[in-house]
Amino acid sequence: MKICIFGAGAIGGYMGAKLAQAGAEVSLVARGPHLAAMKEKGLTLIEEGERSTVSVTAAEDPADLGPQDYVVITLKAHSVPGVVDRLQPLLGPETTVVMGVNGVPWWYFYDLEGPYRDRRLQTVDPGDRQWDGIGPERVLGCVVYPAAEVTEPGTILHIEGNRFSLGEPSGAKSERAQALSKALGAAGLKAPVRPKIRDEIWVKLWGNLSFNPISALTGATLDVLCADEGVGGGTREVARNMMLEAQAVAEKLGVKFPIDVDRRIAGGAAVGAHKTSMLQDLERGRPMEIDALVAAVHEMGELVGVPTPTIDTVLSLVRLRARVAGCYPE
């Protein structure tokens, strides 16, 4: 089984290191000093205080690696359309593409029962680049839970979590999903195959949709923004309203939430003084994941006829904040 990790940063590097340690046939696509370090010294993983280095196959040009059985994409959502052409050498007739990307996935409506079957989302896939260039029939859904960090080129610090939930858009327990689950399990990772991967996508999205933009607008860490109950209920109430609007959109699409909003907010607060990825991107002058996390929910709300006034207000504010900072494309 040939597995390629495309975008071997913190999360991709963590998965790649675990697979390599288990003896899997894995390769990584990376660039810059991180790639140079992996080629020269191998990939180092720091986990539970233990430091280990493993030799890996790493390349900048996917053509050097050839067709794969699985391509795991672990990029920020806004980066994927721009690499579709570069992905092509990795794609053989039977290649499965695992989208380990946050937010609403571009394939969301593929094979979805109901009136919106095979609809396309322009907020996350402008010009249908991914739909046409990758093909939704290749896709295996993935919800990523681990937290990790590239501490220096070629070195990944694993912070917490080891679950990568997998699921077919159709809900089937396919051979390809089970085979990848087994390979990840052999590497010490949890990879359950879910019959309703979209439900799990929404539970994670609930927090990303609300906590990320609010933190970027306020500079607050999760514990602070989840506890603030100032004028009008403070940022906690803003987050709660955004989640309730998102829930109404999702339920129109058949999603069932296993927990309620207040429990989800409590889960965010329990993480503590953590800066969300969107706030970190803003502080570092990097492009912000606004479209996949927030704008896509607005687009879906319009599609199903559910108003999203709080989401729309926060979306307008965070887009302008990002533009002023040079972190959002015009």
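Just so you know, all these numbers are worked out from the coordinates, no wet-lab data involved. Source: prediction; values computed, not measured. Reconstructed Cβ throughout: ideal geometry from the backbone, glycine too, with neighbour counts over all protein chains shown.
Here's a check for you: in the stretch 214-227, which residue that is of a type outside the set (A, V, I, L, M) and part of a helix (DSSP H, G or I) is farthest from Val318 (Cα to Cα)?
Restricting to residues being of a type outside the set (A, V, I, L, M) and part of a helix (DSSP H, G or I), the top hit is Asp223.
Which one is farthest from the chain's Cα centre (by Cα) among residues in the stretch 158-167 that are crowded, with 19+ Cβ neighbours inside 10 Å and of a type outside the set (A, V, I, L, M)?
Within the stretch 158-167, the subset crowded, with 19+ Cβ neighbours inside 10 Å is 158, 164-167.
If we keep only those that are of a type outside the set (A, V, I, L, M) too, we end up with 158, 164-165, 167.
Values: His158: 17, Phe164: 10, Ser165: 12, Gly167: 14 Å.
The residue in question is His158.
Which ones in the stretch 206-232 are closer than 22 Å to Gln280 by Cα and surrounded by fewer than 23 Cβ atoms within 10 Å (Cβ to Cβ)?
The answer is Gly207, Asn208, Leu217, Thr218, Gly219, Ala220, Thr221, Asp223, Val224, Ala227, Asp228.
Anything in the stretch 31-64 that is more than 24 Å from the chain's Cα centre (by Cα), in contact (Cβ under 8 Å) with a residue 12 or more places away in the chain and surrounded by 12 or more Cβ atoms within 10 Å (Cβ to Cβ)? List them, or say none.
Ala36, Ala37, Lys39, Lys41, Gly42, Ser52, Thr53, Val54
Please give the helices (runs of 4 or more DSSP H) falling wholly within the stretch 228-330 in which 3 or more residues are more than 20 Å from Tyr145 (Cβ to Cβ) and not hydrophobic (A, V, I, L, M, F, W, C).
234-252, 296-304, 309-324
Can you pull out the residues in the stretch 169-182 that are surrounded by fewer than 20 Cβ atoms within 10 Å (Cβ to Cβ) and not hydroxyl-bearing (Ser, Thr, Tyr)?
Hits for the stretch 169-182 are Pro169, Gly171, Ala172, Lys173, Glu175, Arg176, Gln178, Ala179, Lys182.
Run Arg138 past the list (1) surrounded by fewer than 19 Cβ atoms within 10 Å (Cβ to Cβ); (2) touching a residue at least 40 places away in the same chain (Cβ under 8 Å); (3) touching a Pro at 6+ places or on another chain (Cβ under 8 Å) and report the number of the one that doesn't hold.
Answer for Arg138: the failing condition is (3).
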